[in-house]
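Visitor: Starting off with a structure, shown below.
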Amino acid sequence: MLTLDNVTLTQGAFSLVANLSVDAGARVAVIGPSGAGKSTLLAGIAGYLRPTSGTLSIEGREVTSLEPGQRPLSILFQDSNLFPHLTVFQNVALGLRPNLRLTDAEVKAVEAALDRVGLAGYGNRKPAALSGGQQSRVALARTLLRERPLLLLDEPFAALGPALKVEMLDLVAQLGDERGTTILMVSHDPDDARHLCDQAILVADGRADAPVATHELLDNPPDVLSAYLGKK
Amino acid sequence: MTGTRISGGLVVLLLIFLTLGTLVAVGLRAEDLSGLGRRDWAAVRFTLWQAALSAAISCLLAIPVARAFSRRQFWGRGVLITVLGAPFILPVIVAVLGLIAVFGRTGLVSQFIGLFGLEPVQIYGWHGIILAHVFFNLPLATRLILQGWLDVPAERFRLAQSLNFLSADMFRHIELPLLFRVVPGAFMVIFLICTTSFAVALALGGGPRATTIELAIYQAFRFDFDLSKAAQLALVQFAVGGGLAIASLWFRGPRGQGAALDRVVSRRDGSVWQDALWILLAAAFLLVPLVMIGVKGLWGVSELPDSIWPAALRSVIVALVSAGLTVALVLPLALLAQSLRKGGAAVEAIGYLSIAASPLVMGTGLFILTFAWIDPILLALPVTVLVNAAMSLPFALRALMPGLTQAEADYGKLALSLQITGWARLRWVILPRVRRPLAFGAALAAALSMGDLGVITLFANPEVQTLPLALYQLMEAYRMDAAFAAALLLLTLSLAIFWLIDRGGRVDVDA
């Protein structure tokens, strides 16, 4: 459902060539050494970075020149996923109506999404009054409402403790399965990749390769990756 | 996006018109550019040397005061540092009256030395102008230099202590380099401010030896209605201001905002008593004139003429409208500067243009352009509002830009991914993030406008009298009791209006 055909992403002197495709409903980890361009790849797919060449399509439709908000995907960043000055309800509602003018049906939909992530009744709080895990749930509730077929995760749970992180990954898996969402997750923790994703894309040496089975990649890592993972 | 471009573009055009357009309007009216007379050149020379001297004295005195603040923790330190920021929103004419109460013929100093049979001191003249400039700029210099001191990492002072540095070593290896870095910038800023001095020179100067260019423009316009001379002086003023503004860009001054001034570097060198003396002297120099306004003002309340109340009301309205206009100008301008990848810096620079421009030139230009069609008296207050908003703009812009850049860096991507654009983006993403600096800018604009005794003097007329103008006229008429009461009223209103608006930006702000 996601195809990158000779996509070249350039940032200053750094450049990355991606030639790969991802099946619908797959959960794919993006793995590679620090600075290899994992986040650059996601920024390219999300539309924050325009490719210097190549084409990018999602669900058979070319999206190479679309604005980030027009692409059929949602993205969660490492931080700043919520507006601190807006309530939980408003933060989620932005996914439906950027001007926050909601019909009664839409209000119900927002409440249902909050309910689904276990935050019913938290709508009037500000993000600062929530724990880190709860903040992640708010951001997830918004992606539920947006109902985009592709979800990009740029290490949004990196700041959470191990148990909480597993809990969030399970929730992502569950919500993804319900809707058949395709998920792409950047991770520097091999355990996260194994936990959530059956497939993995290796980003190294200026290239992003087609996805392979996660356990194979991690069990028999190529040299660039084993140096990064640091174990034999 | 296009909305931002259009409204921002309109603000840019308005600012260019107000700063350069009015200058051209005045210039075109000038029938014979026969050159400036001897008295005019005397005004130019006086403007430059008094500004240089004022800036030098302010910086020299600020060095020991800033050092004392940097290394001593004491009760009331935070309050005193806040007070150092106050002269900025203090109406000039109020401060001048306070200084007269201390340094005037019948002031505290004259009375004290009179006990020893000495002649009373005189405040009117060039030394009075410099005294007032130091009063206004010593606090600014102190804050700038203190900032420089606190930018030195605490580890460096600890290292110096572990190496057993004496005061002299500390000065040579740490303090001298930091002063070289900070003082030139502070000097240039104060020099620039003092060259545009009008109200101080109007109240304390005059005469051939104590007239600034701004005052000469006023006299040419108001007394002689000699537009050619006013135009030529305006051009000289613009050249001086513009030249200095460009020159000051070469000196990278310290960042005046952001970093906390409440840190104290723990040090054991230097004399506590000497530091205490410097802080006490500086505090007395700044606070005694204001206390005199309070005491004498309360004493004179019964002397206030009835006409003071409508003037006060007019001033409050002018201040509020001017603050609103400043917000309406600064927001589109800042958004445009921020959204342009190329040319953003140029747009921002246009926002700072009015630092080099003269409010009196703007007022004169607007008068020339309109007086054939509209009664100047009708336009007096609108012109005052407009000019004050333009003069406040650089400060509001300076306060707003960092917050706006930060909001964009933090939440721009998220807004983009959620397709929040146009008005919704401004309403839900940007404004809530910049409420504090925006309110601070509006509060500054209101206070500056409230106390302004500049462009309004061109139109001085009982029907459009503002509070600072009424106060100045009471002083001119030697009704000092009433003048002190009016000064107290003006001071109270200025501080109150600043506090209320600034506070409006602080309540209920999350994270």
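The values are calculated or read from the model by the stated rules, or taken from the named source; none is laboratory data. What you see is a predicted model, and the numbers here were worked out from it, not measured in a lab. Using ideal geometry, Cβ is built from the backbone for each residue, glycine included, and neighbour counts are taken over all protein chains shown.
Visitor: Considering region B:1-43 alone, what residues qualify as being outside any helix (DSSP H, G or I) and either at pLDDT 90 or above or more than 25 Å from B:Thr195 (Cβ to Cβ) (or both)?
Guide: B:Met1, B:Glu31, B:Asp32
Visitor: Residues of region B:190-204 being in a helix (DSSP H, G or I), at pLDDT below 90 and buried (at least 23 other Cβ atoms within 10 Å of the Cβ), which ones?
Guide: Across region B:190-204, there are no qualifying residues.
Visitor: Continuing with the same structure: Out of all the residues in region B:162-172, is one or more of a type in the set (Lys, Arg), under 26 Å from the mean Cα position of the chain (by Cα) and either part of a helix (DSSP H, G or I) or surrounded by 21 or more Cβ atoms within 10 Å (Cβ to Cβ) (or both)?
Guide: Scanning region B:162-172, I find no residue that is of a type in the set (Lys, Arg), under 26 Å from the mean Cα position of the chain (by Cα) and either part of a helix (DSSP H, G or I) or surrounded by 21 or more Cβ atoms within 10 Å (Cβ to Cβ) (or both), so the answer is no.
Visitor: Oh, and also: Only one of (1) part of a loop (DSSP other than H, G, I, E, B); (2) more than 8 Å from chain B (Cβ to nearest Cβ); (3) under 17 Å from the mean Cα position of the chain (by Cα) is not met by A:Ser80, so which one is it?
Guide: Going through (1) part of a loop (DSSP other than H, G, I, E, B); (2) more than 8 Å from chain B (Cβ to nearest Cβ); (3) under 17 Å from the mean Cα position of the chain (by Cα) one by one, A:Ser80 breaks only (2).
Visitor: Here is a list: A:Glu167, A:Glu106. Which entry is under 30 Å from A:Ser34 (Cβ atoms), free of Cβ contacts under 8 Å to residues at least 60 places away in the same chain and assigned to a helix (DSSP H, G or I)?
Guide: Every option except A:Glu167 fails the conditions.
Visitor: Ok, one more. Could you check region A:56-69 and list, in sequence order, the residues that are farther than 21 Å from A:Val172 by Cβ and either facing another protein chain (nearest Cβ under 7 Å) or of a type in the set (Asp, Glu) (or both)?
Guide: A:Glu62, A:Glu67, A:Gly69
Visitor: Taking region A:14-39 as the region of interest, how many residues are polar (S, T, N, Q), away from every other protein chain (no Cβ under 14 Å) and outside any loop (DSSP other than H, G, I, E, B)?
Guide: 3
Visitor: Right, B:Gly258: at pLDDT below 65, loosely packed, with under 12 Cβ neighbours inside 10 Å and closer than 21 Å to B:Val189 by Cα or not?
Guide: yes
Visitor: Let me confirm something: among A:Gly121, A:Gly133, which residue is at pLDDT below 95 and in contact with a helix residue (DSSP H, G or I) (Cβ under 7 Å, 6 or more places away or on another chain)?
Guide: One residue alone meets the criteria, A:Gly133.
Visitor: Tell me, please, whether a residue that is exposed (fewer than 14 other Cβ atoms within 10 Å of the Cβ) and among the small types (Gly, Ala, Ser) can be found in region A:136-145.
Guide: Among the residues of region A:136-145, not one is exposed (fewer than 14 other Cβ atoms within 10 Å of the Cβ) and among the small types (Gly, Ala, Ser), which makes the answer no.
Visitor: Right, next: Of (1) more than 15 Å from A:Thr143 (Cα to Cα); (2) in the same structural domain as A:Pro156 (by TED's automatic domain parsing); (3) not aromatic (Phe, Trp, Tyr), A:Pro68 satisfies all except one. Which?
Guide: Unmet condition: (1).
Visitor: Being within 14 Å of chain B (Cβ to nearest Cβ) and among the β-branched types (Val, Ile, Thr) narrows it down to one of A:Thr87, A:Thr103, A:Thr52, so name that one.
Guide: It is A:Thr87.
Visitor: Return the residue satisfying two criteria in turn: it lies in region A:40-59 and is in a helix (DSSP H, G or I) and β-branched (Val, Ile, Thr), and of such residues it is nearest to B:Ala415 (Cα to Cα).
Guide: A:Ile45
Visitor: I would also like to ask the following. Test each condition in (1) outside any strand (DSSP E or B); (2) buried (at least 16 other Cβ atoms within 10 Å of the Cβ); (3) of a type in the set (S, T, N, Q); (4) within 14 Å of chain B (Cβ to nearest Cβ) for A:Ser74 and report the one that comes out false.
Guide: A:Ser74 satisfies all of (1) outside any strand (DSSP E or B); (2) buried (at least 16 other Cβ atoms within 10 Å of the Cβ); (3) of a type in the set (S, T, N, Q); (4) within 14 Å of chain B (Cβ to nearest Cβ) except (1).
Visitor: Here's another thing I want to ask about it. Restricting to region A:146-172, name every residue that is in contact with a Leu (Cβ under 6 Å, 6 or more places away or on another chain) and either of a type in the set (Asp, Glu) or surrounded by fewer than 17 Cβ atoms within 10 Å (Cβ to Cβ) (or both).
Guide: Listed by number, the list holds a single entry, A:Asp154.
Visitor: In region B:109-139, which residues are surrounded by fewer than 13 Cβ atoms within 10 Å (Cβ to Cβ) and on the phi > 0 side of the Ramachandran plot?
Guide: The answer is B:Gly117, and nothing else.
Visitor: Quick one: in region A:90-100, of everything that is surrounded by fewer than 24 Cβ atoms within 10 Å (Cβ to Cβ) and in contact (Cβ under 8 Å) with a residue 40 or more places away in the chain, which residue is farthest from the other protein chains (Cβ to nearest Cβ)?
Guide: Per the stated criteria, the residue is A:Leu96.
Visitor: Still on this structure, please answer the following. If you take the residues in region A:109-118 that are among the small types (Gly, Ala, Ser), in contact (Cβ under 8 Å) with a residue 12 or more places away in the chain and assigned to a helix (DSSP H, G or I), which one is surrounded by the most Cβ atoms within 10 Å (Cβ to Cβ)?
Guide: A:Ala113
Visitor: Right, here's the next one. Quickly run through region B:364-420 and pick out the residues that are surrounded by fewer than 18 Cβ atoms within 10 Å (Cβ to Cβ), among the hydrophobic types (A, V, I, L, M, F, W, C) and more than 29 Å from the chain's Cα centre (by Cα).
Guide: B:Phe371, B:Ala372, B:Trp373, B:Ile374, B:Ala409
Visitor: For region A:125-132, check the following and say yes or no: at least one residue is surrounded by 20 or more Cβ atoms within 10 Å (Cβ to Cβ) and either under 21 Å from A:Phe157 (Cβ atoms) or not hydrophobic (A, V, I, L, M, F, W, C) (or both).
Guide: Taking every residue of region A:125-132 in turn, at least one turns out to be surrounded by 20 or more Cβ atoms within 10 Å (Cβ to Cβ) and either under 21 Å from A:Phe157 (Cβ atoms) or not hydrophobic (A, V, I, L, M, F, W, C) (or both).
Visitor: Please specify each residue of region B:320-376 satisfying the condition of being among the small types (Gly, Ala, Ser), farther than 30 Å from B:Ala216 by Cβ and outside any helix (DSSP H, G or I).
Guide: Passing the criteria: only B:Gly343.
Visitor: Please indicate, with yes or no, whether at least one residue in region B:142-154 is exposed (fewer than 14 other Cβ atoms within 10 Å of the Cβ) and closer than 30 Å to B:Thr211 by Cα.
Guide: Taking every residue of region B:142-154 in turn, none turns out to be exposed (fewer than 14 other Cβ atoms within 10 Å of the Cβ) and closer than 30 Å to B:Thr211 by Cα.
Visitor: Confirm whether B:Ser54 is closer than 28 Å to B:Ile213 by Cβ and in contact with a Cys (Cβ under 7 Å, 6 or more places away or on another chain).
Guide: Here the answer is yes, as B:Ser54 does meet what is asked.
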